[in-house]
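The values are calculated or read from the model by the stated rules, or taken from the named source; none is laboratory data. Treat the numbers as computed from the prediction; the structure is a model and nothing was measured. Neighbour counts run over all protein chains shown; Cβ positions are idealised from the backbone, glycine included.
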């Protein structure tokens, strides 16, 4: 039986980073009272999660439901604060699931730990055995909280290294070798 870090709803659920641009570690962090859970993940994972949460909220908003879903994050839920301390990684994120709980009118996010390898049955057996996770994070967000999560995540992602206008790769402070400029070293414009 896995340890479930459940928050329904959390007082705070945010994306944040530790480290300088180009060397940042991304975290999802949930807090409720004295409980604090931090899960490390890749930049692409948090970008995909925020995009899908936004799309899910738009789908619910445009459906024939009576649920009130704000088109934008409510100002009162705007969160620009740093990650809560101490930042202690519970686990590194692997698979994430996203759903809408119509009965509770909540966005449900489940984050499972990264698994190094999948256990495969004997040869000829088409069934793949997934090991049960030791722990997982389950967060149930009200629609306004979910929009605020998406908004903050966009700001966190935009705070990284600038993007090269020619090849769309990130530019380090010392510049980068642009493939579209035949290796000419470009600097931040």
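Per-structure values
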{"read-out": "Top-ranked residue of segment 57-68 - restricted to ones that are surrounded by fewer than 19 Cβ atoms within 10 Å (Cβ to Cβ) and not in a loop (DSSP other than H, G, I, E, B), ranked as farthest from the chain's Cα centre (by Cα)", "value": "62"}
{"read-out": "Search result, residues across segment 75-97 that are surrounded by 14 or more Cβ atoms within 10 Å (Cβ to Cβ) and assigned to a loop (DSSP other than H, G, I, E, B)", "value": "79, 83, 84, 87"}
{"read-out": "Strands (runs of 3 or more DSSP E) (entirely within segment 1-52) containing at least 2 residues that are within 9 Å of the chain's Cα centre (by Cα) and crowded, with 19+ Cβ neighbours inside 10 Å", "value": "12-18, 25-32"}
{"read-out": "Which listed residue is in contact (Cβ under 8 Å) with a residue 24 or more places away in the chain, within 17 Å of residue 141 (Cβ to Cβ) and either assigned by TED's automatic domain parsing to the domain that holds residue 14 or in contact with a helix residue (DSSP H, G or I) (Cβ under 7 Å, 6 or more places away or on another chain) (or both), from 82, 74", "value": "74"}
{"read-out": "In segment 137-171, residue nearest to residue 20 (Cα to Cα) [restricted to those that are in a strand (DSSP E or B) and touching a residue at least 24 places away in the same chain (Cβ under 8 Å)]", "value": "170"}
{"read-out": "Sole exception among (1) closer than 19 Å to residue 151 by Cβ; (2) modelled with pLDDT of 95 or more for residue 70, by number", "value": "(2)"}
